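Enquirer: Attaching a single structure in structure tokens format; questions to follow.
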Amino acid sequence: MKHGVILAGGGGHALVVAGSLRRSGRAVVGFLDDDPAAVLSLEPGSAEHLGPLSQIERCASSGCGVVLALGDVTLRRRVIDAHAHTLRRGSAVVDGTAMVAAAVSELGAGVYVGAKAVVQVRASIGEHAIINTGAIIEHECRIGSNVHVAPGGVLGGRVTVGPDTLIGLGARVLPGVRIGSGCVVGAGAVVTGDLPDGARVAGVPARPI
């Protein structure tokens, strides 16, 4: 197998990640997905389906880099836990149109920073987090592992987000707020106060649902 990048995932988020990789000159040689007819296989000039997600170690041993390209937080966590050693060796993928400050504290293994996203000074982004298209992470934020900040989400300065949390499309989190692990913040919500682990909120201001 030739050297390049293999995507772990073949759905819509994989299409987005593949676009970022290709624009940066990195070849996508194939993808792993439990569905061989996943949407990535339908793309013009599509990558080859190389097998189910369980084949991550085999593909990594071939000399290719493996990039986690699943958008669903729960599924991502299962794959991360099953293949932690291999995925921890993966590099971050930063779209060429994103702005990541030179003084970012941490950009963990397997992080994806999408098109026109912004990660500001002294922010810390944990392993396998997704900072999706147009999202803004302001100064001194602390983003845990496997957090997904969906397109257009905005986190004010010094926000803390625990692992495995989803910040929905266009949601806003005010400066200094602490959000626990495993939370879901609905699309368009405005979070004005701290949230405990497992909270599910929506609305303006955000309230439990």
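The values are calculated or read from the model by the stated rules, or taken from the named source; none is laboratory data. Keep in mind it's a predicted model, so treat the numbers as computed, not measured. Positions of Cβ are generated from backbone atoms using ideal geometry, with glycine treated the same way; all protein chains shown enter the neighbour counts.
Enquirer: Within the range 47-79, track down each residue that is among the basic types (Lys, Arg) and without any contact (Cβ under 8 Å) to a residue 60 or more places away in the chain.
Expert: Residues satisfying the conditions are Arg58, Arg78.
Enquirer: Another question about this same structure. If a residue has to be among the small types (Gly, Ala, Ser) and touching a strand residue (DSSP E or B) at 6+ places or on another chain (Cβ under 8 Å) to count, how many in the range 82-134 make the cut?
Expert: Residues meeting the conditions: 14.
Enquirer: Given Gly180, Gly152, which one is under 26 Å from Ile80 (Cβ atoms) and either in contact with a strand residue (DSSP E or B) (Cβ under 8 Å, 6 or more places away or on another chain) or not assigned by TED's automatic domain parsing to the domain that holds Ser105 (or both)?
Expert: Result of the check over Gly180, Gly152: Gly180.
Enquirer: In the range 94-139, which residues are under 25 Å from Leu32 (Cβ atoms), modelled with pLDDT under 95 and not in a loop (DSSP other than H, G, I, E, B)?
Expert: Answer for the range 94-139, where residues must be under 25 Å from Leu32 (Cβ atoms), modelled with pLDDT under 95 and not in a loop (DSSP other than H, G, I, E, B): just Leu107.
Enquirer: Filter the range 74-87 for residues that are within 27 Å of Gly25 (Cα to Cα) and either part of a helix (DSSP H, G or I) or assigned by TED's automatic domain parsing to the domain that holds Gly186 (or both) and give the result.
Expert: Arg76, Val79, Ile80, Ala84, His85, Thr86, Leu87
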